[in-house]
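This report concerns only the one structure given below.
The values are calculated or read from the model by the stated rules, or taken from the named source; none is laboratory data. Just so it is clear, the structure is predicted and the values come from calculations on it, not from any experiment. Because the Cβ atoms are built from the backbone with ideal geometry, glycine has one as well, and the counts that use them run over all protein chains shown. SASA here: full protein model, heavy atoms, side chains in, ligands and nucleic acids out. Shrake-Rupley method; radii C 1.70, N 1.55, O 1.52, S 1.80 Å.
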Amino acid sequence: MLALLARLFVLRPLLGVAILGIPVLGLIAIGLVSVMVFKILFFVVLPIALVAWLVKRALAPHDDLAGSGS
């Protein structure tokens, strides 16, 4: 298998790069995009949702007598 890949690079270097290089670049691009999406979710969306939830909870009308259960 390795000998066939080595022969492919020797005989057709552009084809070898196309077969092995493009999928590797694709994996690197997918990894970078997923890291960026995770960072955006963690550092932008999550804090905004947390602040919105806290504001909604703080400004909601409370009935202290209801829901005590005893």
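Within the chain, which whole H helices from DSSP have a Cα span along their axis of at least 18 Å and a mean Kyte-Doolittle hydropathy of -1.0 or more, if any? Show your work: numbers first, answer last.
On the way: long enough: 13-40 (39 Å, 2.32); 46-59 (20 Å, 1.61).
Passing helices, by number: 13-40, 46-59.
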Q. Once you put a point 7 Å from the Cα of L54 and another 7 Å from the Cα of A6, both along the Cβ direction, what distance in nm separates them?
A. 6.2 nm
Q. Once you list every other residue whose beta carbon is under 15 Å from the beta carbon of I19, what net charge do they have if Lys and Arg are +1 and Asp and Glu are -1?
A. +2
(Q) Probe radius 1.4 Å, ligands and nucleic acids ignored: give me the carbon and sulfur share of the accessible area of the chain as a rounded percent. (A) 80 percent
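How far, in nm, would the chain grow between L32 and H62 when pulled straight, counting 0.36 nm per residue and subtracting the alpha carbon separation?
Working: separation 30, 0.36 × 30 = 10.80 nm, distance 4.56 nm.
Result for the pair: 6.2 nm of gain on full extension.
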Q: Over the stretch 1-41, give the accessible area per residue in Å² for a 1.4 Å probe, as an integer.
A: 88 Å²
